[in-house]
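Engineer: Attaching a single structure in structure tokens format; questions to follow.
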Amino acid sequence: MRRIRSTLPLLLLAAATLSSQTTRTLPANTRFFTPKPASGSIPQIENLAEHGQFKNALLIAAMEATPQAVWLTGGTPSEVNGTVVTVMREATLERAVPIFVLYNIPGRDCGSYSAGGAEDTPTYEAWISAISTAIGDQKAVVLVEPDALANLPSDCGYPSTVNSTQLTADRYTQVNYAVTTLEAKPQTLVYLDAGNSDWHAVGDMATRLVAAGIFKAQGFFSNVSNYRLSTYETHFDTWISECLAFGTNPADGGWRLGNYGYCASQYYSPDGTVDPSNIATWTYSDQWYAANLGTAVPTTHFIVDTSRNGQGPLDASVYAAAPYDQPAAVVQTLINGSWCNPPGRGLGTRTTANTSVPLLDAYLWVKTPGQSDGTCDAAGGARAWDYTAYSLPGWPTDPTAQSLFDPLWGLDDPAAGAWFSQQALQLAKQANPPLLKF
């Protein structure tokens with residue numbers, strides 16, 4: 001009896017450790033939380049039904065009935081704590097796992113369309129702590145700060161009067177705090193920002209992730225609020241995981257340790273020319289990893305945002321041809337701004353943890369489909385247009401009005417986060433796979 005008592009604490013400790021390990025996973029049959037419909041969606045459904053567009057009304061309703069993320073974008077610690085407590089309670093009633101997106105980092109979005117964020121590091125840390133407390137011991141997926149690592153203060157092009165070096169160091173401090181604090185909870189799965197496959201090279205993104213504390217987190221996410229096809233993102237993310245393994249494997253050691261910049265990417269491989277827009281060329285980078293990983297085994301997991309990638313990214317080069325006939329400089333600006341409310345897109349794979357890819361934890365609808373990316377105009381740099389080459393009746397003729405106009409949609413886009421009814425309906429109509437079978 002004395003022997004049983006002496007071993008019981010060890011058995012309990014082992015069981016607790018095993019429980020902690022097994023709960024930090026997303027089984028293929030995970031049921032994800034469906035939040036309340038986005039503001040603007042219900043009036044659109046009602047309006048469509050009132051005008052006899054029942055199929056379109058059903059499409060928007062189906063979109064809103066799909067599990068997707070809850071965005072936490074500000075508020076006091078008390079306010080965000082209350083929001084998270086409410087979501088956790090609702091998720092419990094649904095027997096579902098909530099997905100939170102934290103979007104309150106100081107200096108958010110380089111002061112662009114989604115500018116804002118906490119005032120300073122202490123304020124941000126208090127906000128993070130309030131979220132962690134509210135989640136408690138329940139299961140939750142937390143995506144920490146889209147663009148926080150892919151768009152560091154050092155990337156923002158601030159004037160020399162701004163100490164970008166210190167702001168970047170602060171950014172890493174803030175993200176590390178979020179990881180440590182949130183991962184301290186037994187069932188919180190934390191993922192960090194990895195941009196997307198048409199942005200930073202693999203090695204650059206791996207370096208940033210390491211500095212942000214990736215090895216303390218469950219993994220990373222990509223393609224948030226973007227349109228890259230899942231085949232590209234899964235490939236890119238796998239390379240990042242392989243690159244992280246390559247640069248940290250003590251068995252091979254030597255020059256490779258910490259040197260993630262040596263990793264092949266969507267832009268370069270010593271084995272052949274790689275084109276980020278042509279996945280067929282990525283085989284050359286695959287060859288590099290096959291030859292250089294050695295005994296390293298990739299273990300860092302990832303998530304892909306599929307909320308708007310069903311039709312892939314916009315090919316803005318079409319505006320160079322008739323009937324638009326836009327000059328090269330305009331087309332290049334449109335290409336650079338194609339992340340911002342591009343027309344002709346569609347919803348992608350619906351939220352699921354059944355991915356059949358070992359390191360891919362889930363396809364998630366992270367960006368709220370139907371919400372605008374911003375005003376997407378010439379004044380903000382996302383658009384340009386030669387109105388002498390192409391214009392339509394009703395389009396603005398005054399230069400000031402033209403600078404606030406989106407010629408790709410033929411209207412003034414709603415502000416970032418506001419409901420964009422035209423885009424919402426188009427996303428639902430062009431969903432791939434289809435939302436509904438009629």
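The numbers here are math on the coordinates, done by the rules we state, and not lab data. Values in this document were obtained by computation on a predicted structure and should not be read as measured data. Positions of Cβ are backbone-derived with ideal geometry, glycine not excepted, and every protein chain shown enters the neighbour counts.
Engineer: Which order do the peptides 201-210, 308-317, 156-165, 114-123 come out in when sorted by mean C-beta neighbours inside 10 angstrom, highest first? Kindly include the intermediate steps, with their values, before the conclusion.
Structural biologist: Details: 201-210: 23.5, 308-317: 19.9, 156-165: 10.9, 114-123: 14.5.
For the peptides 201-210, 308-317, 156-165, 114-123, the packing ranking is 201-210, 308-317, 114-123, 156-165.
Engineer: Report the full-extension gain for the segment Ala291 to Phe438: residue separation times 0.36 nm, less the Cα-Cα distance, to one decimal in nm.
Structural biologist: Taking 0.36 nm per residue and subtracting the Cα distance, the gain is 48.0 nm.
Engineer: Please give the peptides 99-105, 330-336, 276-282 ranked by average Cβ packing (other Cβ atoms within 10 Å per residue), highest first, as a rough proxy for protection.
Structural biologist: 99-105, 330-336, 276-282
Engineer: Right, next: Given a Förster distance of 25 Å, report the FRET efficiency between Thr283 and Asn249 from their Cβ-Cβ distance, rounded to the nearest 0.05.
Structural biologist: Numbers: r = 23 Å, r/R0 = 0.93.
Plugging the Cβ-Cβ distance into 1/(1 + (r/R0)^6) gives 0.60.
Engineer: A further question follows. Using a/c under 1.5 as the rounded threshold, could you call segment 292-438 rounded, prolate or oblate? The axes a ≥ b ≥ c are square roots of the C-alpha gyration tensor eigenvalues, and prolate needs a/b larger than b/c, oblate otherwise.
Structural biologist: In terms of gyration-tensor shape, prolate.
Engineer: How far is it, in nm, from the label point at Ser154 to the one at Ala28 when both lie 7 Å from their Cα along the line to the Cβ?
Structural biologist: The answer from the label model is 4.2 nm.
Engineer: Highest GNM mean-square fluctuation, the chain, Cα pairs closer than 10 Å: which of Leu152, Leu404, Leu360?
Structural biologist: Looking only at Leu152, Leu404, Leu360, the biggest GNM fluctuation is shown by Leu404.
Engineer: For the chain, what does the helix formula give at 222 nm: sum of -39500 (n - 2.57) over DSSP H segments with n ≥ 4, over the residue count, nearest 500 deg cm²/dmol?
Structural biologist: -11500 deg cm²/dmol
Engineer: Quick one, could you list the DSSP H helices from the chain stretching 20 Å or more along their long axis (Cα atoms) with average Kyte-Doolittle hydropathy of 0.5 or above?
Structural biologist: 121-135
Engineer: Which one of Asn47, Asn341, Asn151 has the biggest mean-square fluctuation once the chain is modelled by GNM with Cα springs under 10 Å?
Structural biologist: Of Asn47, Asn341, Asn151, the Gaussian network model singles out Asn47 as fluctuating most.
Engineer: Past 23 Å, Cα to Cα, is the threshold; run Lys185/Lys367; Lys185/Lys216; Lys36/Lys367 against it and keep the listed order.
Structural biologist: Pairs exceeding 23 Å: Lys185/Lys367.
Engineer: Right, another one. About the Cα centre, and with charges only on the beta carbon of Lys, Arg (+1) and Asp, Glu (-1), how big is the dipole of segment 143-226? Nearest 20 debye, please. Let's see the in-between values first.
Structural biologist: Details: 4 positive and 8 negative charges, 52 e Å.
Around 240 debye, computed over segment 143-226.
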